[in-house]
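Please treat every number below as a calculation from the coordinates, not as lab data. It should be emphasised that the depicted structure is a prediction, and the values quoted were computed from it without experimental measurement. All Cβ positions, even for glycine, are placed from backbone atoms using ideal geometry, and neighbour counts span all protein chains on display.
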Amino acid sequence: MNRRSFLNVGIGLSLVSLLPSKLAARNEAYKATNKVIKPARLNLGDKIGLMAPAWLLSESGLQSSIENIRQLGFEPVYSEKILNQYGYFSGTDKERAEEFNNMIKNPEIKGIIFAAGGYGCARILDMVDYSLIKKNPKLIMGFSDDTALINSIYKQTGLITFHGPVAKLLDNDYSRKQFKDIAVNPTDKYTIVSA
């Protein structure tokens, strides 16, 4: 190995050795600004907010969502705006963000389960009131495009959110059991079944 190769390898190794410490420092800085917040457990009978933060929701999708939340033992709460339509969205960006913020600040609503995914959550991220979420932490769950919103909430507030079925898909014993094992009676043992 010539001197130039030796120096390049040495410099490369030195730079790589700095990487973990920089990542650790960034992680510590994040922890210092955002304390992890766990949402309270749900109790059977609690009010669960239903909303569609992205794609529009059909009447049948809403009815399925309502029935599934009731089957879980909770009271579904939603506004008539859940069936709004603006192109293929469930309302304008402003309307969807306002619906979400209203559910966050409503003290009677103990959790929010999105009724549908689709596309559109990224369009409302800058309209979500993250300080309101920190003051009113609650269970928030969804998947598909809802992931953009739940990940943004965690990053901005430290609130643990849940990547899980949207309300219209909580329609079988397996999904319902898993939901209750996480949100109502947390356990450290879960059974995962593949399709």
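Per-structure values
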{"item": "20 Å Cα-Cα threshold exceeded, pairs from LYS81/LYS180; LYS81/LYS155; LYS35/LYS135; LYS110/LYS189", "result": "LYS81/LYS180; LYS81/LYS155; LYS110/LYS189"}
{"item": "Rounded to the nearest 20 debye, dipole of the stretch 47-183 from Cβ charges on Lys, Arg, Asp, Glu", "result": "420"}
{"item": "Aspartates and glutamates whose Cα lies under 20 Å from that of LYS105, excluding same-chain neighbours fewer than 8 positions away", "result": "ASP46, GLU75, GLU80, ASP93, GLU95, ASP126, ASP129, ASP146"}
{"item": "Loop sites in the stretch 37-111: chymotrypsin sites (Phe, Trp or Tyr not before Pro), DSSP, at most 11 other Cβ within 10 Å", "result": "TYR88"}
{"item": "Where Rh is the Kirkwood radius over Cα pairs, Rg/Rh for the stretch 78-139", "result": "0.94"}
{"item": "Beta bridges per DSSP with both ends in the stretch 49-195, % antiparallel, nearest 5", "result": "20"}
